[in-house]
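Reading through the structure tokens given below for one structure.
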Amino acid sequence: MALVDLALDAPQLLQQIHALGAIGQDPALGGRTRIALSDDEKAGRDQLLRWMHELALEVRIDQVGNIFGILQADEAAAGDAATESGRPLMMGSHIDTVRQAGALDGCYGVLAGLAVLRAFRQAGRRPRRALVVAAFTNEEGVRYQPDMMGSLVHAGGLSVQAALDTVGTDGSRLGDELARIGYAGDMVPGSLVPQAYLELHIEQGPVLEAEGLQIGVVENLQGISWQRVDIQGTANHAGTTPMRLRHDAGYAAAACIAFLREQVAATPPGTTLATTGSLRLAPDLINVIPRQASFTVDLRDPDEQRLRAAEQRLTGFMADLARREGVRIETESLVRFEPVVFDPVLTGRIEAAARRLGLSHRRMTSGAGHDAQMMARICPAAMIFVPSRGGISHNPREHTDEAQLLQGAQVLLEVVQDCLASA
Ligand code: HGY
Ligand code: MN
Ligand code: MN
């Protein structure tokens, strides 16, 4: 029997997902692009603030642009704000995107959180403890590294100044862009310490759909290692330089990328993932042996030892390759987050909520990084997944059926009610 005696405004939630998805849309290339702190992302932020004000939420923006919409508690029932009993229950995610993204990654969790607060508003009810919806800055990390930056600063893992001084892949300074779009707030990051943090998100992978399940109870999240590799070789004529005399940065980069693929395929139990998403050659001309290659490496594994072993294998391979090919190889670590285990009490509540609502579910690991992994540093945190069609994400074809989106939001509301009832 569901706990919930509040009703989600389903049409409003679906309409807002659609409306936010229209911001930054790219009819020519498909999908939408709202890279962190771009004009398109500002437009998304502005829209989110309008929706928060429509709900008469207290809106606060911190010094790295994290946005918080707050529904204050019923004074009579609320605990002491200075103690655990008075701490808010926080839901959230992000509204920045990768390039040509789907409409759901991040946005779904933020707007479902708003839908939960709207359920209280429309019932004329205040919760026993404040409810907060957060939209964290720069979750994707494609312009400014690291990813999950806003929630990392909130959790105390990166200083405000270091975040503001971060230089992007386009040479811009994060703090300048934040001021330019008008989201350099005054709230000190981390001053909102939640009693618990819940993040509803699309799975972005194939598991739930493949198993015909409706809800993912996310109990852990894999470790992430991002690095940039710069290889310096020697430009030379493609037609006159014998193969044995080349110092070919392009070949060396390709050898590293092939090594990564072969290594993860050959290493049991096959949980390590390796991706090169960005590769640039210079001078990038058909008849010139590349002088320079620059590429990224994204390594992930739920197990810290295996992730570290994958990093060490690549380091050893590159040292040997540099000697063989007479090139110089330099690496820069961009992101390094260890695997995270979410709060067992919260995952138990999610599992119980799915069961009460009669939704099929399973415990699972998150392949993607999420703000919840940063919030887990300062409070109990957990995630709820809904299926992704074809396991597709970071792609305009990202899709989850409306019924599935609403089921996920219902579970979120149910878990919030459960947390409030047990507070
Ligand atoms: O990279 C990630 O997993 C996340 O989408 N930032
Ligand atoms: Mn996301
Ligand atoms: Mn993403």
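The values are calculated or read from the model by the stated rules, or taken from the named source; none is laboratory data. The model shown is predicted, which means the values in this text are computed figures rather than measured ones. All Cβ positions, glycine included, derive from the backbone under ideal geometry; neighbour counts span all protein chains shown. The area values use the complete protein model at the heavy-atom level, side chains included, leaving out ligands, DNA and RNA. Shrake-Rupley method; radii C 1.70, N 1.55, O 1.52, S 1.80 Å.
Here are some notes:
- In region 361-380, the residues that are of a type in the set (A, V, I, L, M) and either away from ligand 1 (no atom under 16 Å from the Cβ) or open to solvent by 40 Å² or more (accessible area, probe 1.4 Å) (or both): ILE378
- Within region 195-205, the set of residues being within 19 Å of the chain's Cα centre (by Cα) and more than 16 Å from ligand 3 (Cβ to nearest atom) comprises ALA196, TYR197, LEU198.
- Listing of strands (runs of 3 or more DSSP E) fully contained in region 250-317 that carry 1 or more residues being modelled with pLDDT of 95 or more and of a type in the set (S, T, N, Q): 273-275, 292-301
- Matching residues in region 164-179 - criterion: being open to solvent by 60 Å² or more (accessible area, probe 1.4 Å), in contact (Cβ under 8 Å) with a residue 24 or more places away in the chain and not hydroxyl-bearing (Ser, Thr, Tyr): ASP170
- Filter result (open to solvent by less than 40 Å² (accessible area, probe 1.4 Å) and under 19 Å from the mean Cα position of the chain (by Cα)) within region 308-338: LEU334, VAL335, PHE337
- If you go through region 25-45 and keep only what is small (Gly, Ala, Ser) and buried (at least 21 other Cβ atoms within 10 Å of the Cβ), you end up with GLY31, ALA36, GLY44.
- Odd one out for ALA184 among (1) in a loop (DSSP other than H, G, I, E, B); (2) open to solvent by less than 50 Å² (accessible area, probe 1.4 Å): (2)
- Some residue of region 358-381 being of a type in the set (A, V, I, L, M), out of contact with any Pro (no Cβ under 9 Å at 6 or more places or on another chain) and in a strand (DSSP E or B): yes
- Unique match (being over 30 Å from THR234 (Cα atoms) and away from ligand 2 (no atom under 16 Å from the Cβ)) among VAL345, VAL340, VAL327: VAL345
Let's see how each residue does on (1) open to solvent by 30 Å² or more (accessible area, probe 1.4 Å); (2) closer than 14 Å to LEU200 by Cα:
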site	(1), (2)
PRO344	yes, no
LEU359	no, no
MET383	no, yes
GLN410	yes, yes
ASP418	no, no
ALA421	yes, no
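- Selection within region 191-200 - open to solvent by 20 Å² or more (accessible area, probe 1.4 Å) and either of a type outside the set (A, V, I, L, M) or not assigned by TED's automatic domain parsing to the domain that holds LEU114 (or both): SER191, GLN195
- Count - residues of region 329-357 that are in contact with an Asp or Glu (Cβ under 8 Å, 6 or more places away or on another chain) and of a type outside the set (Asp, Glu): 13
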